[in-house]
Amino acid sequence: MLIFDEKQHFEDLEKNGFEKYPNKRDLTCLCFGWVSQGARIEDLKFLMYNFCKQWNIKFNYAKSESLLLEVVDSFKNNQENEIGKHFNSRILVYDSEIKIIKQLSGKKNQKVAFSLLCLAKWRNSNYVYLNDSSSIHLKDVFSLVGLKDTSKNMSLILHSLNEQKFLDVQLKPIMKCFIPCITTEGEHCLEFDISENSIKENLLSIVGSECEYCGKLFEKIKNNQKYCSECGKKMNIIKTLERRRRTVV
């Protein structure tokens, strides 16, 4: 699970329970799920207690009471302030970070680096750690930026990022992502809701080229490509008409 899906996570929790001990993220997710199914806020503490006891026979209510109360209070505040989601879906990618990624050799390296950066920012801001039970699959990291490759080549790209001091590949890959940047006040940044489409769209600021006809950013398929796909079709029609005119003359 690369990008957190609250509904899916709620279903997984109800089916499989906690891996070890309950945490605020999982309990809050359960509260949202139960309330959406018709549970009352007044019953949430009791529901959480029963759920924790069901999946951990050693669950100690006295030690966890403050956590359960904190989750309920936080949930109430969110409901009163009409906050629909308790997870932060917005991420900021600064110019200084983009500059570092652009300095990496190879477009594939740049794409994977951007994917890792977005994931690291989002997951860390939501306390979804890179090495937790949601586990990361390399193919999913690559698919976020539209890349398909063999396991061997994916590993080679990670080690290439490691050699370029962008990534620390030790024991388990993707455990640490180093972005040595210092953001300055007022620095320009990309701000977007994290999703597969938004990552691919904003990736163009790194690997994209400017269309000579409309000025829109696009990714080159060929090295000598000057236009985006839409303008390329228009230019082909224009050039075909020009050739026909010259032939008639």
**Report entry** Restricting the range 206-249 to residues that are hydroxyl-bearing (S, T, Y) and in contact (Cβ under 8 Å) with a residue 12 or more places away in the chain, the residue that is farthest from I100 (Cα to Cα)
**Finding:** Y213
Report summary line: Scanning the range 189-212 for residues that are in a loop (DSSP other than H, G, I, E, B) and surrounded by 15 or more Cβ atoms within 10 Å (Cβ to Cβ) gives I194, G208, C211
Query raised in the report: Is there a residue being modelled with pLDDT under 85 and either loosely packed, with under 11 Cβ neighbours inside 10 Å or in a helix (DSSP H, G or I) (or both) anywhere in the range 43-52?
Result: no
Requested in this report: Determine, yes or no, whether K58 is closer than 18 Å to G17 by Cα, modelled with pLDDT under 85, in a loop (DSSP other than H, G, I, E, B) and not hydrophobic (A, V, I, L, M, F, W, C).
Outcome: yes
Query raised in the report: Which residue pairs have Cβ atoms under 7 Å apart, sit 6 or more places apart or on different chains, and have a first residue in the range 45-60 that is farther than 12 Å from L30 by Cβ and a second that is of a type in the set (A, V, I, L, M, F, W, C) and at pLDDT below 90?
Result: K53/F59; N56/F18; F59/C52
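The values are calculated or read from the model by the stated rules, or taken from the named source; none is laboratory data. Everything numeric here is computed off the predicted structure, so don't read it as measured data. Heads up, the Cβs are rebuilt from the backbone with ideal geometry, glycines too, and the neighbour counts pull from every protein chain shown.
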